[in-house]
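Just below is one structure, and these are the notes that go with it.
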Amino acid sequence: MAMTAKQGCMGIVRRLLGEKYCSWFEFEEIPKEKDYYCLGWEDGKVKIQGSCGVAMAAGLNDYLKHYCRVYVGQQTVQNTMPKEPPALLKPVRREAFSEIRYAYNYCTLSYTMAFWDEDRWQRELDWLALCGVNLVLDFTGIEEVWYQFLTRIGYSDGEIERWMAGPCYTAWQQMQNMEQFGGPVPRQFFADRARLARKNQQWMAAMGMTPVRQGYGGIVPSWHGEKYKDVCVYPQGEWNGLTRPAMVDTASKEYQAYGALFYEIQDQVLGGGSRFYAADVFHEGGIRPETLTDDVIGEIVLKTMVNHDRDAVWLIQAWRENPTKELLAGIGRVGREHALILDLSATDNPEWNKSEFEGTPWVYCMLDMYGGRTATHGEPEVLAKEIPNARKRANHMRGIGFASEATLHNPIVYDLLFDMAWQEEPADLEQWLGAWLTARYGRLEDRAFRAWKGLLDTVYKNPGYSHHGGYTQIFNFRPRKEMAYGEIFNELNSSVIKKPYY
């Protein structure tokens, strides 16, 4: 029997707070066109109503933070509950001003999550639900999809083993950057990951989260043209010294057949439950054939998705020169409602304000932790002010999200980001900080507030390069002979806090 949204929310309470606290809450799902949650008090219980599971979970998070002084973050939990459930003197109702609340970058799933098991994924999904996230990039299980796809078009187990990248590099293989590195991958790993993906995505579906699956952009092994000489294949050169997969001619009958087969197999392996597909052609390079223009590629790649799923939405990363105007023109011939652009670094280097991607729906994203490098950095002030301002100025903004290359760092920016999904106007950052610290530590300490205020005034004031490693520690530098010690300390000196705040 499938899990319900109410059962999903009770599971979050049980796992993060304890079984005895389930009696404090009553959940009721009342679907509406726009996501919302209501907090009320009925018969000594907290009644939480919402449009879906993640909306109810966001309401639960609101109650825990602002009434119980309890904090559940991505990394840590402060769950010292009061002896009795604090009563609400009046009902609370909040609506989502961001239709889409999105999570992850391709890189996140390899830098951070390559070897996560079921328990670790459940902890993450609980946190995403509490944040109200409803769209999640997830290519867990993609190895089994590729195995079955390549088998069906005539590849042997040995050839597939030679092509598949290892778990730490899966992200870059899916972005069409590289192949056959970090392997071979045991066959059992494919089946285990597919099983994990099905379980995770069933939970997501019950809670009102939609997984974003892999789209097909024509990727094949680099030697595909030698194996099948009658298929038109375009070599894609190298990416950072590594061979890129080749690309089948998008306008060919083979692409149509391969694309249809890929989506069919993906549904067989992972089950239904998604209409979003991520694919990036010519990501960070590649070789555009003279006979195949971007508008043709955009039109046919999207048509293939829509032929498989009439409600399909192509998720595209706005990164470097992509998506080109020509690619967006091709998408427009199919229907712009079938595409969603991630403005990956809108907090730092926005692309949306140039043309709003020629009228294509898009998401305002935060991109941190380049290369998975840890550091104290972020832009709380930008999040608090610019998200509401962007909503007012833009015509095609559909939501917010994070596209960090890795996670498990700087919780303040993630918590603030998703709070802004339910905030219509700019937030008072100091007021928000006080409430956040009260939940995080269980009480508000003046010294802690002053220390965090000092961080907001220094390391969280982005100087323009912090995403590339933050206020860089020596251990975050890539070793190079030509970098003398003096040069290191000069670079560090420009980003160190000179005045102590506590």
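The values are calculated or read from the model by the stated rules, or taken from the named source; none is laboratory data. Values in this document were obtained by computation on a predicted structure and should not be read as measured data. Neighbour counts are summed over all protein chains in view; Cβ atoms, including those assigned to glycine, are modelled from backbone coordinates with ideal geometry. Accessible surface areas use protein heavy atoms only, side chains included; no ligands, DNA or RNA. Shrake-Rupley method; radii C 1.70, N 1.55, O 1.52, S 1.80 Å.
Summed over segment 312-333, the residues that are within 24 Å of the chain's Cα centre (by Cα) and at negative phi give a count of 15.
Condition test on Ala194, is it modelled with pLDDT of 95 or more and closer than 30 Å to Gln49 by Cβ?
Numbers: modelled with pLDDT of 95 or more: yes; closer than 30 Å to Gln49 by Cβ: no.
No.
Pro186 meets each of the listed conditions (1) of a type outside the set (Asp, Glu); (2) surrounded by 23 or more Cβ atoms within 10 Å (Cβ to Cβ); (3) free of Cβ contacts under 8 Å to residues at least 12 places away in the same chain apart from (2). Within segment 383-441, restricting attention to residues that are among the polar types (S, T, N, Q) and in contact (Cβ under 8 Å) with a residue 60 or more places away in the chain, which residue is surrounded by the most Cβ atoms within 10 Å (Cβ to Cβ)? Restricting to residues being among the polar types (S, T, N, Q) and in contact (Cβ under 8 Å) with a residue 60 or more places away in the chain, the top hit is Ser404.
If we scan segment 434-445, do we find a residue that is of a type in the set (Ser, Thr, Tyr), farther than 30 Å from Thr80 by Cβ and at pLDDT 95 or above? No: zero hits. When segment 1-44 is limited to residues that are of a type in the set (A, V, I, L, M, F, W, C) and within 25 Å of the chain's Cα centre (by Cα), the one that is farthest from Asp62 (Cα to Cα) turns out to be Met3.
Could you look through segment 256-287, keep only residues that are of a type in the set (Ser, Thr, Tyr) and under 13 Å from Ala312 (Cβ atoms), and pick out the one that is nearest to the chain's Cα centre (by Cα)?
Filtering segment 256-287 down to residues of a type in the set (Ser, Thr, Tyr) leaves 258, 263, 274, 277.
Keeping just the survivors that are under 13 Å from Ala312 (Cβ atoms) gives 263, 274, 277.
Values: Tyr263: 21, Ser274: 15, Tyr277: 13 Å.
Selected residue: Tyr277.
Scoring Ala427 on the criteria (1) in contact with a helix residue (DSSP H, G or I) (Cβ under 6 Å, 6 or more places away or on another chain); (2) part of a loop (DSSP other than H, G, I, E, B); (3) at pLDDT below 85 leaves a single failure, condition (3).
Any residue at all in segment 338-358 that's in a helix (DSSP H, G or I), out of contact with any helix residue (DSSP H, G or I) (no Cβ under 9 Å at 6 or more places or on another chain), touching a residue at least 12 places away in the same chain (Cβ under 8 Å) and under 17 Å from Ala278 (Cα atoms)? Within segment 338-358, not a single residue is in a helix (DSSP H, G or I), out of contact with any helix residue (DSSP H, G or I) (no Cβ under 9 Å at 6 or more places or on another chain), touching a residue at least 12 places away in the same chain (Cβ under 8 Å) and under 17 Å from Ala278 (Cα atoms).
Okay, residues lined up against (1) among the β-branched types (Val, Ile, Thr); (2) under 30 Å from Thr458 (Cβ atoms):
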| residue | (1), (2) |
| --- | --- |
| Trp319 | no, yes |
| Asp343 | no, yes |
| Trp352 | no, yes |
| Ser355 | no, no |
| Val363 | yes, yes |
| Leu367 | no, yes |
| Gly371 | no, yes |
| His377 | no, yes |
| Leu408 | no, yes |
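Filter segment 34-63 down to the residues that are within 20 Å of Ala206 (Cβ to Cβ) and not in a strand (DSSP E or B) and list them by number. Correct list: Asp35, Ser51, Cys52, Gly53, Val54, Ala55, Met56, Ala57, Ala58, Gly59, Leu60, Asn61.
Counting only residues that are among the polar types (S, T, N, Q) and in contact with a Leu (Cβ under 6 Å, 6 or more places away or on another chain), which one in segment 57-88 is most open to solvent (accessible area, probe 1.4 Å)? Spell out the reasoning first.
Let us first name the residues in segment 57-88 that are among the polar types (S, T, N, Q), namely 61, 74-76, 78-80.
Add one more test, that the residue is in contact with a Leu (Cβ under 6 Å, 6 or more places away or on another chain), and what stays is 61, 75, 79.
Details: Asn61: 16, Gln75: 93, Asn79: 65 Å².
Restricting to residues being among the polar types (S, T, N, Q) and in contact with a Leu (Cβ under 6 Å, 6 or more places away or on another chain), the top hit is Gln75.
Put simply, of Val296, Val301, Val233, Val269 the only residue that is out of contact with any strand residue (DSSP E or B) (no Cβ under 6 Å at 6 or more places or on another chain), hydrophobic (A, V, I, L, M, F, W, C) and under 20 Å from Ala165 (Cβ atoms) is Val269. Among the residues of segment 359-373, the one identified as modelled with pLDDT of 95 or more, assigned to a loop (DSSP other than H, G, I, E, B) and not hydroxyl-bearing (Ser, Thr, Tyr) is Pro361.
Checked against the criterion of being farther than 29 Å from Ala406 by Cα, open to solvent by less than 10 Å² (accessible area, probe 1.4 Å) and of a type in the set (Val, Ile, Thr), the candidates Ile12, Ile48 yield just one match: Ile48.
Of all residue pairs spaced 6 or more apart or on separate chains, those with beta-carbon atoms under 6 Å, a first member in segment 317-331 that is touching a residue at least 60 places away in the same chain (Cβ under 8 Å) and surrounded by 16 or more Cβ atoms within 10 Å (Cβ to Cβ) and a second member that is assigned to a strand (DSSP E or B) and of a type outside the set (D, E, K, R) are Gln317/Leu342.
Among the residues of segment 64-90, those that are within 16 Å of Asp419 (Cα to Cα) and not in a loop (DSSP other than H, G, I, E, B) comprise Leu64, Lys65, His66, Tyr71, Val72.
I'd like to check which helices (runs of 4 or more DSSP H) are fully inside segment 121-180 and have at least 1 residues that are out of contact with any helix residue (DSSP H, G or I) (no Cβ under 8 Å at 6 or more places or on another chain) and buried (at least 18 other Cβ atoms within 10 Å of the Cβ). Walk me through how you get there before you give the answer.
On the way: elements: 142-152, 157-163, 170-174.
Correct list: 170-174.
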